[in-house]
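Undergrad: Handing you a structure now.
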Amino acid sequence: MTLTLRTISREQHLAYLQSLPSASHMQVPAWSDVKAEWRAENLGWFDDRTGEMVGAGLVLYRQLPKIKRYLAYLPEGPVINWFTPNLQEWIEPMLAHLKQQGAFSVKMGPPVVIRRWEAVTIKKGIQDPDVKRLRDLEADFIEPRAFEVADKLRRMGWQQGEDGGAGFGDVQPRYVYQVPLANRSLEEVHKNFNQLWRRNIKKAEKAGVEVVQGGYDDLPEWQRLYEITAVRDRFRPRPLSYFQRMWTALNTEDPNRMRLYFARHNGVNLSAATMLIVGGHVWYSYGASDNIGREVRPSNAMQWRMLRDAYALGATVYDLRGISDSLDETDHLFGLIQFKVGTGGQAAEYLGEWDFPLNKLLHKALDMYMSRR
């Protein structure tokens, strides 16, 4: 197959993604409106024989201070056939095009899973003092073709960040936690939750916790809970305007792209979450909770409702997003995997993010700048 790469309209891009089972929410055209400080371009790959579009990518360009050169970033993309034998014929025209656009460096995140570990395996690992990381455990599923993709990229000159470790060195998490929903009944999914999760869901029900969907006007209330969470977990919160922009951009593109949920008890909101939907893939995106009312287990109730809603939408996967790969109970990120593993799903390791320095000197300068921040 001979390919042509060219800039496409947002409408063409969206139509192509709608023809697929799913794609990352960071590859939909509207994501460029969420990331307003980046310049964006929509790329399409076309089969020369048929003229039909066979791949697409959202590129975000970030300008270097003081000079007209850009970092080109394709978060969790591009959306192409990664297992094609002639990967070079897809990637090289993209690099040439991005160089023409003034890019000095390219970063992309192939949406390719290498390994998966089932909840049972992870629990055993947590109990074993010799196991410190997911990588120390034998995976339940390995995708041999993913290793071929990594080899091809290295041979083409792509580089992987030094931090192959915890998976937070990348901009996007390399390790995520997912609950598969395809060909399973909701009863099966619920049965796979651990005892603590099932008990907590019941506890919330008994206490009269209700889970409701919110809208744009409820975002300030979301922000209140999110900022309480930021203080507790010591991270810098995004401003309310970011979530307002996200809601407007994503739901203008597709009215069912982003949802907001609250778990409340006696009329008081105790926890909240945002949910993103692209085709059959549903993500629990951001979460927030108050310091009060934890004993009625609002977060478990909310996750169970979101999972049921994802199932009702016909989703094939409910994605709880990032985890660290640490199974060490003293690690500050351990609580994340412990909470998510209770859903009985599986941890997935992606190929991670890859860099191609089109201008080695500027790439090195950016590297040094980023490491100092």
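Undergrad: Would you pick out the residues in the stretch 307-339 that are of a type in the set (Ser, Thr, Tyr) and not in a helix (DSSP H, G or I)? Don't jump to the end; show me each part of the working.
TA: If we filter the stretch 307-339 for residues that are of a type in the set (Ser, Thr, Tyr), which is where we start, we get 311, 316, 318, 324, 326, 330.
Listed by number, the residues that qualify are THR316, TYR318, SER324, SER326, THR330.
Undergrad: Moving on to the next point. Considering each residue of the stretch 247-297, count those that are over 28 Å from TYR16 (Cβ atoms), open to solvent by 50 Å² or more (accessible area, probe 1.4 Å) and small (Gly, Ala, Ser), and give that number.
TA: 1
Undergrad: If you don't mind, there's one more thing I want to ask. Could you list, in sequence order, the residues of the stretch 224-246 that are more than 21 Å from ALA30 (Cβ to Cβ) and either acidic (Asp, Glu) or buried (at least 16 other Cβ atoms within 10 Å of the Cβ) (or both)?
TA: Answer for the stretch 224-246, where residues must be more than 21 Å from ALA30 (Cβ to Cβ) and either acidic (Asp, Glu) or buried (at least 16 other Cβ atoms within 10 Å of the Cβ) (or both): LEU225, TYR226, GLU227, ILE228, THR229, ASP233, PRO237.
Undergrad: Of all residues in the stretch 187-206, count the ones that are open to solvent by less than 40 Å² (accessible area, probe 1.4 Å) and in a helix (DSSP H, G or I).
TA: Number of matching residues: 5.
Undergrad: Keeping to the stretch 8-31, report how many residues are in contact (Cβ under 8 Å) with a residue 40 or more places away in the chain and either polar (S, T, N, Q) or part of a strand (DSSP E or B) (or both).
TA: Qualifying residue count for the region: 5.
Undergrad: Can you tell me which residue in the stretch 102-126 is nearest to ARG321 (Cα to Cα), limited to those that are outside any strand (DSSP E or B) and of a type in the set (D, E, K, R)? Give the derivation first.
TA: Of the residues in the stretch 102-126, the ones outside any strand (DSSP E or B) are 102, 109-112, 119-126.
After this cut, where a residue has to be of a type in the set (D, E, K, R) as well, the list is 123-124.
Details: LYS123: 19, LYS124: 22 Å.
It comes out as LYS123.
Undergrad: What number of residues within the stretch 43-79 satisfy the criterion of being buried (at least 20 other Cβ atoms within 10 Å of the Cβ), under 20 Å from the mean Cα position of the chain (by Cα) and not small (Gly, Ala, Ser)?
TA: Counting residues in the stretch 43-79 that are buried (at least 20 other Cβ atoms within 10 Å of the Cβ), under 20 Å from the mean Cα position of the chain (by Cα) and not small (Gly, Ala, Ser) gives 9.
Undergrad: With the checklist (1) among the aromatic types (Phe, Trp, Tyr); (2) modelled with pLDDT under 95; (3) buried (at least 20 other Cβ atoms within 10 Å of the Cβ) in hand, flag the one item PHE339 doesn't pass.
TA: Unmet condition: (3).
Undergrad: Can you tell which of ALA182, ALA119 is within 23 Å of the chain's Cα centre (by Cα), under 30 Å from TRP304 (Cβ atoms) and loosely packed, with under 14 Cβ neighbours inside 10 Å?
TA: ALA182
Undergrad: Something else about it: Looking only at the stretch 127-147, filter to residues that are part of a helix (DSSP H, G or I) and open to solvent by less than 60 Å² (accessible area, probe 1.4 Å); which one of those is modelled with the highest pLDDT? Let's see the steps before the verdict.
TA: If we filter the stretch 127-147 for residues that are part of a helix (DSSP H, G or I), which is where we start, we get 127, 134-136, 144-147.
When the remaining residues are screened for being open to solvent by less than 60 Å² (accessible area, probe 1.4 Å), the result is 134, 146.
Numbers: LEU134: 95, ALA146: 98.
Ranking the candidates gives ALA146 first.
The values are calculated or read from the model by the stated rules, or taken from the named source; none is laboratory data. These figures come from a predicted structure and were not determined experimentally. Cβ atoms come from the backbone with ideal geometry, glycine included; neighbour counts cover every protein chain shown. For accessibility, only protein heavy atoms count, side chains too; no ligands or nucleic acids. Shrake-Rupley method; radii C 1.70, N 1.55, O 1.52, S 1.80 Å.
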